[in-house]
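Since the structure comes first, as structure tokens, the remarks are kept for the end.
Here, each number is a calculation from the coordinates, and none is a lab measurement. Computed from a prediction, not measured in an experiment: that's the story for all the values here. Don't worry about glycine lacking a Cβ; one is built from the backbone with ideal geometry, like all the others, and counts go over all protein chains shown.
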């Protein structure tokens with residue numbers, strides 16, 4: 001609270017308090033806990049978010065913003081580190097995979113306690129994953145390759161897979177891979193109990209108070225297996241502050257340690273402010289243009305290539321996004337294994353575009369582009385595309401829609417009723433290129449995510465093979481994904497326009513923070529400290 | 001009086017039905033797929049089909065409406081598409097904090113507006129009158145969200161007197177916690193005798209309340225002034241002067257009492273205005289109330305919530321107006337005679 005000056009009403013308030021206090025005998029105020037040795041004493045860290053922090057509390061179902069807080073209450077067996085594209089052991093001490101890639105064995109840490117007071121065992125870990133699979137909500141589908149889970153002994157967990165998938169990427173997912181005390185949670189009432197603001201995780205922080213729509217306060221977990229240092233934070237508060245300007249003012253005023261997102265136009269004033277700084281990091285988020293390969297003029301790959309040469313990449317990145325993005329290479333974002341910056345990158349070349357159209361025998365036409373109406377950047381990009389595509393003879397009809405309506409249209413039974421171009425953001429559920437390569441472009445009998453309606457047997461084979469060897473031979477998988485991406489570059493069923501950057505505003509006293517795009521917007525507060 | 005009440009209540013129910021039908025139809029006409037929203041962006045066709053059954057969206061539109069109306073009477077106002085929680089339960093969580101600033105703002109408007117209105121009537125065409133006119137017109141015409149930001153700029157940024165937003169500071173919430181009883185921080189902390197919390201919560205609520213007070217303050221001041229001027233010109237006021245009553249007694253006992261009718265009516269109308277203004281004010285002050293809840297619902301096209309809030313606001317508006325009419329009938333015997 002800022003108390004630079006005493007306002008006039010302070011006198012009235014003081015008198016009122018004295019009067020009222022006289023009527024009250026009990027003193028609810030309690031002193032701040034004095035930190036014991038090996039306990040955090042860094043005070044309070046406050047995270048400012050534009051959106052409501054908690055929607056679903058159930059760790060099996062969580063598939064939204066709540067992972068920001070959940071990843072501080074719950075832990076996974078492994079965690080993907082984008083810096084060196086490796087996997088860090090979290091609840092697993094060691095792990096190994098059989099030669100055929102079908103059996104993965106994890107040895108669990110022995111000193112881990114759940115927030116419920118019970119010990120982490122292989123049986124408990126198995127129960128938590130099985131509960132997530134059984135409920136089948138949120139991102140539970142990530143466990144599809146898992147056929148059987150066995151608790152070999154108290155601390156040995158074995159997974160039997162139906163095909164050699166990259167289980168290390170799955171168990172490190174920020175969604176649906178949390179290990180928790182399922183038995184205790186079910187005894188207490190399951191989902192209802194979670195939704196009351198309870199946690200059954202092993203994470204460094206546990207929920208203390210939840211004010212819906214306002215804030216979530218987490219308290220450091222005394223029995224956390226990781227060590228506590230004196231400069232680490234005792235409490236972590238996640239605040240929902242919808243107004244960007246208010247978030248900015250609070251960050252400048254030192255009331256927030258971390259602001260997850262701010263509009264580009266406000267960033268400039270932060271750069272000039274004292275006590276706060278702007279951090280730019282890569283994200284796994286790509287803006288993807290999906291072309292209708294089943295109907296209309298875009299059935300022809302030459303026309304799609306022409307469109308790819310007509311896009312004003314530099315204008316989009318500089319003028320619309322204020323350089324908070326970089327043009328994508330291929331379809332796998334930078335930082336995610338499988339990304340390849342040697343792939344061909346389209347640039348704006350209207351002559352080349354016109355030449356390709358001539359070769360295809362297409363003389364322009366009308367195209368429909370759909371985008372999410374609430375996204376101002378998408379709208380501006382769509383307007384730019386309308387101007388540029390007109391230069392090669394295409395009249396673009398722009399349709400700003402709610403995302404569900406946009407998806408509804410994209411799945412129309414008659415391909416002629418679908419859009420020609422669809423703009424959407426895409427990011428992986430876990431650190432695996434599979435989410436981009438398989439979901440977006442592999443042949444589908446029933447349309448789910450492949451909104452380009454693309455069908456290519458050779459591509460399908462490459463992606464399936466890459467997925468199957470990813471668990472045992474990552475290098476080979478990367479090579480296969482590269483070949484698959486080359487097909488996408490040539491055939492252009494869709495096009496990743498740019499990799500979005502995350503812009504964070506961070507208080508200078510907030511140390512140890514490193515962005516990990518595999519866990520969007522998550523701050524692992526146990527890794528941070530007060531400077 | 002009873003006939004009047006019955007007529008108003010029946011009319012109110014008719015209006016509520018109309019509003020519920022319109023909001024229900026709008027929610028269904030807008031191109032959107034609530035079942036897909038229920039599951040999330042990466043829903044499969046089977047998941048969407050299952051969600052349709054779960055949400056009753058596979059039934060004919062007419063049956064859906066009948067079920068919705070039935071639910072309204074039995075406390076089942078539908079389930080939020082984004083949070084999967086009952087709408088009524090969520091409404092009741094967010095309502096108290098909105099009422100806190102709405103009622104606080106109205107109170108400020110009454111306490112300041114009525115004396116100011118009387119003063120301007122007494123000192124007509126003096127500088128007090130001109131100043132008050134400026135304040136009133138400003139209060140009514142300045143957009144609430146703009147005023148909110150200006151108040152933040154002055155009282156937070158420059159003077160540092162009040163916090164930027166939120167209901168209570170983090171430190172206070174952590175070190176001096178209170179139990180939730182009514183949902184109003186001011187009432188709950190006062191009841192529990194937690195004066196540290198109370199002062200912090202009051203400190204946080206001053207700017208939102210002042211913003212909220214601006215519109216009703218303008219209305220109350222102008223209404224009181226014009227009613228007072230009208231009443232002062234009445235014959236009986238001249239009689240009170242002839243009887244030699246003091247100026248204060250004549251103004252407050254004989255003139256103000258009779259001039260309060262239009263002020264109370266306008267206050268009822270401004271309450272409905274406040275319910276919608278709070279949407280903007282809460283957004284600027286990060287005040288987790290009904291407004292913030294609704295604006296989030298609008299942004300995420302959460303139709304059950306939008307419909308629930310619309311019906312709630314309509315019902316509140318009707319009830320407040322009914323109460324105003326009853327109050328007027330009690331205060332002014334002439335109204336009672338007319339309605340009966």
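With the simple model of a label 7 Å out from the Cα in the direction of the Cβ, residue A:319 to residue A:272 spans 2.5 nm. Calculate how steeply helix A:474-491 sits against the longest principal axis of the alpha-carbon atoms of chain A, using the helix alpha-carbon long axis, and give the answer as 0 to 90 degrees to the nearest 10. With rounding to tens, the tilt is 50 degrees.
Extension gain, residue B:299-residue B:323: 0.36 nm per intervening residue step, less the Cα-Cα distance, totals 5.3 nm.
Distance from the Cα centroid of region A:499-531 to that of region A:328-347 is 24 Å (rounded to whole angstrom).
Counting only alpha carbon atoms, the long axis of helix A:457-469 and the longest principal axis of chain A meet at about 30°.
State the Cα centre-to-centre distance between region A:139-171 and region B:42-79 in whole Å. Answer, in whole Å: 36.
Please state the shape class of region A:283-500: rounded when a/c is under 1.5, otherwise prolate if a/b exceeds b/c and oblate if not, all from the C-alpha gyration tensor.
rounded
Considering only B:79, B:29, B:168, the Gaussian network model of chain B with Cα springs below 10 Å gives its largest mean-square fluctuation to B:29.
A P(r) calculated from all alpha carbon pairs of region B:92-339, with 10 Å bins opening at zero, reads 7, 26, 30, 23, 11, 3, 0 percent.
With contacts taken as Cα pairs under 8 Å and at least 6 residues apart, region A:242-394 reaches a relative contact order of 21 percent. Relative to the longest principal axis of the Cα atoms of chain B, the long axis of helix B:45-55 lies at roughly 50 degrees. The distance separating the Cα centre of region A:201-248 from that of region A:356-421 comes to 43 Å.
With the alpha-carbon atoms of region B:2-61 aligned to their principal axes, the span from lowest to highest coordinate is 57, 19, 19 Å, starting with the largest.
On a per residue basis, the convex hull of the C-alpha atoms belonging to the protein assembly as shown measures out at 199 Å³. Taking every C-alpha pair closer than 8 Å and separated by at least 6 residues, the mean separation divided by the residue count of region B:92-339 gives a relative contact order of 28 percent. Would you please state which residues of region A:477-509 a label at residue A:299 would reach in this model, taking the label point 7 Å out along Cα→Cβ and a backbone N cut-off of under 17 Å? In region A:477-509, the label zone of residue A:299 (backbone N under 17 Å from the point 7 Å along Cα→Cβ) covers A:493.
When each of A:155, A:279 is scored by the number of other beta-carbon atoms lying within 10 Å, the sequence from fewest to most is A:279, A:155.
Within the listed set B:172, B:294, B:310, the Gaussian network model of chain B (springs between alpha-carbon atoms below 10 Å) gives the highest mean-square fluctuation for B:172. Taking every DSSP beta bridge that has both ends in the protein assembly as shown, the antiparallel portion is near 75%. Label zone of residue A:416 (point 7 Å out along Cα→Cβ, amide N under 14 Å): in region A:275-317 this covers A:295-297. Modelled spin-label separation between residue A:81 and residue B:53, with each label point placed 7 Å from Cα along the Cα-to-Cβ direction: 4.7 nm. Length available on full extension from residue B:123 to residue B:8: 0.36 nm per residue minus the Cα-Cα distance, which gives 37.4 nm. Using the Cβ-Cβ distance between residue A:408 and residue A:479 with R0 set to 45 Å, the FRET efficiency works out to roughly 0.75.
Based on Cα contacts under 8 Å between residues 6+ apart, chain A shows a relative contact order of 20 percent. Which distance in nm do the two modelled labels at residue B:70 and residue B:236 give, with both placed 7 Å along the Cα-to-Cβ direction? Between residue B:70 and residue B:236, the simple spin-label model gives 5.5 nm.
Of the beta bridges in region A:283-500, as assigned by DSSP with both residues counted there, near 60 percent are antiparallel.
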